[in-house]
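One structure below.
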Amino acid sequence: MRFDLPSPDNDTQEFWDGARDHRLLIQRCGACGDAFFYPRPFCPKCWSEDVTTEEASGDAILYTWSVVHVNDLPPFHERVPYVAAIVDLVDGPRMMTNVVDCEHDDLAVGMALRVSYRELTPEVTVPVFVPA
Amino acid sequence: MSEATDLIGERRAVISGVGQSDIGRRLFRDPLELTIDACLAAIEDAGLTTADIDGLSTYPGATGPNGFSGGGITDVHDALRLNVNWFTGGLEYPGQLGAVINACLAVSAGLCKHVLVWRSVYEGSAQGSGGRAAVMPGGGSTTTSFKASGFMQWLLPFSAPSAATWIAMYAQRHFHEYGTTREQLGQIAVNSRKNAALNPKGIYRDPMSLDDYLAARMISTPLCLYDCDVPCDGGTAVIVSRVDTIPDLRKPPIKVEAVAAATHGRPSWDQYDDLASMPAQDAGKELWKRTDLKPSDVDCAQMYDGFSFITVAWLEGMGFCKKGEAGPFLEGGQRIALDGELPLNTNGGQLSSGRLHGFGFIHEACVQLWGEGGDRQVPNNPEVAVACSGGGPMASTLLLTQGR
Ligand SMILES: [Zn+2]
């Protein structure tokens, strides 16, 4: 039993396929130029269906984080302590992720981050971030 | 007040009675029985009988993981053999007290006269020794795999599976933007423990000092064990009545001065713009447009504390202090004490008296306005109270006044 695997749907399969190929994908509206997340087939600002998927730059700024010491759900309980984080991609959208390869004392709001990848299973890889 | 008075429909609603079942960490009692205990107690408190109840409202209805709901609309309707003219129950509410707001609107619209509103939980018993995995969807199974769909696929694969972590990140951001400290945040938990000691139904009643709080193990930084509420078993019910039924009631009812349930911006745990705050600030702003009363008129505040930081968001969102200034407001704990300027969570909140999931707050607001608080009664005859529920993207609040 594990609680960390996504169940992609039509709108999100592309994101998870991209992550498996080490590409962080976001979407951009051709009509108004807005970049958005989570993925959907139309723009949430102007509702245009002229939406293209693009690879994000991979650069992000740390908005906030928490060092998780306790979580009794598998497999998180085997990972503690780990860093859950919300980052603002320089491309615009915000996402939940993890910061890895960083001393907890070095974490700071506003720090520059760079995307990296962690394989959960042969099918599922998640984008995570490391200090830039 | 910016809203025209004749548009403030909720003032045709009053709260005529409240009730509660036994409350405990793990009672191992039939969940529907707990629910019915609370409902019958509330009906009796109002001076009514089941024959008078013609409306039903609840959150979240008969849904959710094991332990989350002790009884939905149909369960209670049938168990009490009621004749109802209106009912509603659901999960997509602006916080748990959205069910009470719905009831206010139903009586205000003339659809019914006395609405039974309840929320009951048995998360304590349901978790047993299995921890939270036992009450997650798919929990208890060792063979099937849980798959995160919908918005949860943007949280669970990133090891952010629970509100403890989401709220912890909000707190961290607040600490960063405003200089808030654990010593300040800890006053919420310490204050709740003091109040629970005066509440016969409190769950954790042993004294806890700020040093005890600071020494507790971390759950998700900056939140420690005592920043997290405690799962429990218990039911809470309130009766919302139409104002023209006051002569039929046992005691002067609590008046509903104003309600609000706003979420401006993205309804999301991770995509709301200002995650040093929550839509509590949107609901608070809307509430004060519907009354001439001011935050300084409030004599006690019962505000959601599923995690202590949620109360911080409500303190600021309701305007009891300026945005970003909850830390200094809480410093030393005197302002929020029973004899302070804003007695807070006077029954011990969910932190020390159990996760009754929002309804404990409206129950306590009414108890205080009726002067029935016993050892924990706020001094000097409180006349105005707020009850606030919900965290993250959900927020609902009611401003209540003494009816006599
Ligand atoms: Zn657009």
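Data for the structure
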| item | result |
| --- | --- |
| Only listed residue being within 14 Å of chain A (Cβ to nearest Cβ), in contact with a helix residue (DSSP H, G or I) (Cβ under 9 Å, 6 or more places away or on another chain) and of a type in the set (Val, Ile, Thr), chosen from B:Ile219, B:Ile239 | B:Ile219 |
| Qualifying residue in segment A:76-92 (condition: open to solvent by less than 20 Å² (accessible area, probe 1.4 Å), assigned to a loop (DSSP other than H, G, I, E, B) and modelled with pLDDT of 95 or more) | no |
| Test: residue in segment B:177-189 that is free of Cβ contacts under 8 Å to residues at least 60 places away in the same chain, open to solvent by less than 30 Å² (accessible area, probe 1.4 Å) and of a type in the set (S, T, N, Q) | no |
| Residues that are farther than 16 Å from B:Trp370 by Cα and small (Gly, Ala, Ser), drawn from segment B:42-55 | B:Ala51, B:Gly55 |
| For A:Trp65: the one exception among (1) surrounded by 19 or more Cβ atoms within 10 Å (Cβ to Cβ); (2) among the hydrophobic types (A, V, I, L, M, F, W, C); (3) more than 7 Å from chain B (Cβ to nearest Cβ) | (3) |
| Residues of segment A:1-37 satisfying the condition of being within 12 Å of B:Trp154 (Cα to Cα), without any contact (Cβ under 8 Å) to a residue 24 or more places away in the chain and not in a loop (DSSP other than H, G, I, E, B) | none |
| Residue tally, condition of a type in the set (Gly, Ala, Ser) and within 9 Å of B:Gly392 (Cα to Cα), over segment B:267-287 | 3 |
| Residue ID - nearest to B:Leu369 (Cα to Cα), chosen from residues in segment B:323-355 that are polar (S, T, N, Q) and open to solvent by 10 Å² or more (accessible area, probe 1.4 Å) | B:Asn347 |
| Qualifying residue in segment A:97-107 (condition: within 15 Å of the ligand (Cβ to nearest atom) and more than 12 Å from chain B (Cβ to nearest Cβ)) | no |
| Qualifying residues in segment A:21-34 (those that are closer than 20 Å to A:Val87 by Cβ and surrounded by 15 or more Cβ atoms within 10 Å (Cβ to Cβ)) - the one nearest to the ligand (Cβ to nearest atom) | A:Asp34 |
| Subset of segment B:364-384 [open to solvent by less than 20 Å² (accessible area, probe 1.4 Å) and not in a strand (DSSP E or B)] | B:Glu364, B:Ala365, B:Cys366, B:Val367, B:Gln368, B:Leu369, B:Gly373, B:Val378, B:Pro382 |
| Qualifying residue in segment A:45-62 (condition: within 12 Å of another protein chain (Cβ to nearest Cβ), under 15 Å from the mean Cα position of the chain (by Cα) and open to solvent by 30 Å² or more (accessible area, probe 1.4 Å)) | no |
| Residue, nearest to A:Leu73 (Cα to Cα), within segment A:35-44, restricted to residues that are open to solvent by 50 Å² or more (accessible area, probe 1.4 Å) and not hydrophobic (A, V, I, L, M, F, W, C) | A:Arg40 |
| Options A:Asn98, A:Asn10: the member that is within 14 Å of the chain's Cα centre (by Cα) and of a type in the set (S, T, N, Q) | A:Asn98 |
| Answer from A:Thr64, A:Thr52 - the residue that is within 16 Å of the ligand (Cβ to nearest atom) and not in a loop (DSSP other than H, G, I, E, B) | A:Thr52 |
| Residues located in segment B:390-404, provided they are polar (S, T, N, Q), within 15 Å of B:Cys300 (Cα to Cα) and not in a loop (DSSP other than H, G, I, E, B) | B:Thr397, B:Thr401 |
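The values are calculated or read from the model by the stated rules, or taken from the named source; none is laboratory data. Note that this is a predicted model, so its numbers are computed, not measured. Neighbour counts are summed over all protein chains in view; Cβ atoms, including those assigned to glycine, are modelled from backbone coordinates with ideal geometry. The accessibility values were calculated without ligands, DNA or RNA, using every heavy atom of the protein model including side chains. Shrake-Rupley method; radii C 1.70, N 1.55, O 1.52, S 1.80 Å.
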